[in-house]
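The structure appears right after this line, and notes come after that.
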């Protein structure tokens, strides 16, 4: 990921083919009486294929909004955004849904497993929206994926019978079952204890590297972000790189304040 | 496209399986409503068919015209009967009428082994069995060759045979004719008696009518079965034609079957039952719609999760709709099955269709209407929740 206004690749890093590119992206919402609230401002970001990124930030800094935009769940208010070289900031929702289904996997803080379904049915679910081959072979594909995550003996267990760590592993399996090029993890360890969180993060990091997927982890936990190859801090709607030996808060504090204030609608 | 359809059906089935208690509760109303509707349609149709069958046995098929032909100045002689017969044959050939028959009805007293047996004697032609749906249970009906038979052939009903003391399974058998010095008739077939019969029936050909008693002459009434769409016109044309051929005779015609009375007798009852069942169906649909809407609100998070997998609005709409349709189709099938079992139950047959010689079959139209209505109800009840589901904002849904 390269915020191209202020960040450059280190000499050790090989340039990766660009998967996701954001240029001057902002997101604001109306809050009544003609006023708008800017949540994200001037986000510039490039994510290479297979790259692992960590974004840290406190609650209310716009982390989830950024993730929603990256995952094509939300559209930027201004700016340009490319996914795999294709402009996606103004695409129809149906096209966004197809890209999302095929190329992007989500891991949520609260797991968001489908209630009442077994682990296997949960992992099968994305394959229902896939190709004919994926639909026909969904059981086999999902079984193999759960096996890779060490849940081969939990196939028929429903979420309420699984531990938090197991549920998050099912969610990871579900996110990866269609072999997406990008995995977006929103506070993936937020609902887990420290030890389980580390284990789950280790699994997520390892399996995405193994499958060549890019991983963007949005978290408030610095130790989780530390597992990424590059890290950023999100503070008051602006993205700042985190370099070695510099705490993100400290870096964020140095950054100019974002326009997270109400202003007149243009 | 095909994959999407099958995937939607699989999704819908999974939803129904996971939420089976809710589904069961919401579908009881639909199942009962579809059962009621199928019962009404089936019952009405069966009643109509059964009544039509009975009416046709009593007064001929839709549309039968009776022609009354007699010479007002003198009694009908054999010669007159032959002229009338020739005129009828001419008219039938000219207008392409396939089925017509003499129709005379008299009281006859047949000497039997243990005394005389009273019977109603019907003087007819060989076509009469087709026109009145008379199927011999034993033996056979008349053929054209029987007209030449010197020993008059007769077809009797089981009531007469029972009174006379003849086992229908042993036909043909002979019976004595009244006042003819030992002349016998041959019973060639037996038809079933109506349930309301109080006296036996005998059917004889018009050529042999005089042999069954002194007062029994050649019939002066004849029935013709016309195609319904041209019946009125044919009735007038044949009457005119017969008058032309028989200038001395008084020829009158009128429609004599009961088919026209069918709608009058059954229509209002069917309509009332139909309105009641549609109201029941409407209430069942409202119940389903209500539960579906509440459920959709509870499932917003799940819909958001599915959208994150790449489910499009169309797919979500179709999935929610399919859930409703699959559920009501299953409920409808159960309702239809229940209705068929009720209609076919022996006690229903005995009570409702009592007196009908041939209990009617459960009509296909009732089954088809029941299933189609259940699918339609599912689509209608699924429409509003499906629209609600597609309008959910993904982000809000996931956070719900």
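The values are calculated or read from the model by the stated rules, or taken from the named source; none is laboratory data. Keep in mind that this is a model prediction, so the values were computed, not measured. In this analysis, Cβ positions are derived from the backbone assuming ideal geometry, glycine residues included, and neighbour counts consider all displayed protein chains.
Restricting B:334, B:362, B:377 to those that are in contact (Cβ under 8 Å) with a residue 12 or more places away in the chain, closer than 30 Å to residue B:193 by Cβ, in the same structural domain as residue B:17 (by TED's automatic domain parsing) and in contact with a helix residue (DSSP H, G or I) (Cβ under 7 Å, 6 or more places away or on another chain) reduces the list to B:362.
When every residue of segment B:368-377 is checked against the conditions, at least one turns out to be more than 24 Å from the chain's Cα centre (by Cα) and surrounded by 24 or more Cβ atoms within 10 Å (Cβ to Cβ).
If I ask for residues that are within 9 Å of chain B (Cβ to nearest Cβ) and without any contact (Cβ under 8 Å) to a residue 60 or more places away in the chain, which ones from segment A:97-123 would you list? Within segment A:97-123, A:97, A:98, A:99, A:100, A:112, A:114, A:115, A:116, A:117, A:121 meet the criteria. You will find that of A:72, A:66, the residue that is buried (at least 24 other Cβ atoms within 10 Å of the Cβ) and either facing another protein chain (nearest Cβ under 9 Å) or at positive phi (or both) is A:72 and no other.
For the structure I just gave you, tell me whether residue B:50 is surrounded by 15 or more Cβ atoms within 10 Å (Cβ to Cβ) and either touching a helix residue (DSSP H, G or I) at 6+ places or on another chain (Cβ under 8 Å) or not in a helix (DSSP H, G or I) (or both). Can you show your working first?
Values: surrounded by 15 or more Cβ atoms within 10 Å (Cβ to Cβ): yes; either touching a helix residue (DSSP H, G or I) at 6+ places or on another chain (Cβ under 8 Å) or not in a helix (DSSP H, G or I) (or both): no.
For residue B:50, the condition - surrounded by 15 or more Cβ atoms within 10 Å (Cβ to Cβ) and either touching a helix residue (DSSP H, G or I) at 6+ places or on another chain (Cβ under 8 Å) or not in a helix (DSSP H, G or I) (or both) - is not met.
For segment A:82-92, indicate whether the set of residues that are within 13 Å of chain B (Cβ to nearest Cβ), over 19 Å from the mean Cα position of the chain (by Cα) and either farther than 25 Å from residue B:4 by Cα or modelled with pLDDT under 90 (or both) is non-empty. Yes: one or more hits.
Would you confirm, using the coordinates I've provided, whether residue B:189 is assigned by TED's automatic domain parsing to the domain that holds residue B:145 and modelled with pLDDT of 85 or more?
Details: assigned by TED's automatic domain parsing to the domain that holds residue B:145: yes; modelled with pLDDT of 85 or more: yes.
Yes; evaluated as a whole, the condition is true for this residue.
Put simply, of B:303, B:278 the only residue that is within 14 Å of chain A (Cβ to nearest Cβ) and either touching a residue at least 40 places away in the same chain (Cβ under 8 Å) or outside any helix (DSSP H, G or I) (or both) is B:303. So for segment A:150-159 (the condition being within 13 Å of another protein chain (Cβ to nearest Cβ) and touching a helix residue (DSSP H, G or I) at 6+ places or on another chain (Cβ under 7 Å)), does at least one residue qualify? Yes, segment A:150-159 contains at least one residue that is within 13 Å of another protein chain (Cβ to nearest Cβ) and touching a helix residue (DSSP H, G or I) at 6+ places or on another chain (Cβ under 7 Å).
Determine whether residue B:209 is in contact with a strand residue (DSSP E or B) (Cβ under 8 Å, 6 or more places away or on another chain), modelled with pLDDT under 80 and part of a helix (DSSP H, G or I). Even if it seems obvious, please write down each step before you answer.
Values: in contact with a strand residue (DSSP E or B) (Cβ under 8 Å, 6 or more places away or on another chain): yes; modelled with pLDDT under 80: yes; part of a helix (DSSP H, G or I): yes.
In short, yes.
What do you reckon, is residue A:132 within 14 Å of another protein chain (Cβ to nearest Cβ) and in contact (Cβ under 8 Å) with a residue 60 or more places away in the chain? In short, no. Identification of strands (runs of 3 or more DSSP E) wholly contained in segment B:89-199 with 2 or more residues that are surrounded by 15 or more Cβ atoms within 10 Å (Cβ to Cβ) and more than 28 Å from the chain's Cα centre (by Cα) yields B:104-112, B:115-124, B:153-157, B:173-176, B:184-191.
Considering only residues of segment B:306-329 that are assigned to a helix (DSSP H, G or I) and at the interface with another protein chain (Cβ under 8 Å from one of its Cβ atoms), which is nearest to residue A:114 (Cα to Cα)?
B:306
Hey, any hits in segment A:136-147 for a residue that's touching a helix residue (DSSP H, G or I) at 6+ places or on another chain (Cβ under 7 Å) and either over 20 Å from residue B:10 (Cβ atoms) or free of Cβ contacts under 8 Å to residues at least 12 places away in the same chain (or both)?
no
Restricting attention to segment B:1-28, the residues that are surrounded by 21 or more Cβ atoms within 10 Å (Cβ to Cβ) and over 30 Å from residue A:130 (Cβ atoms) add up to 2.
Applying the condition of being within 19 Å of residue B:284 (Cα to Cα) and out of contact with any helix residue (DSSP H, G or I) (no Cβ under 6 Å at 6 or more places or on another chain) to segment B:1-42 and asking which residue is nearest to the other protein chains (Cβ to nearest Cβ) yields B:19.
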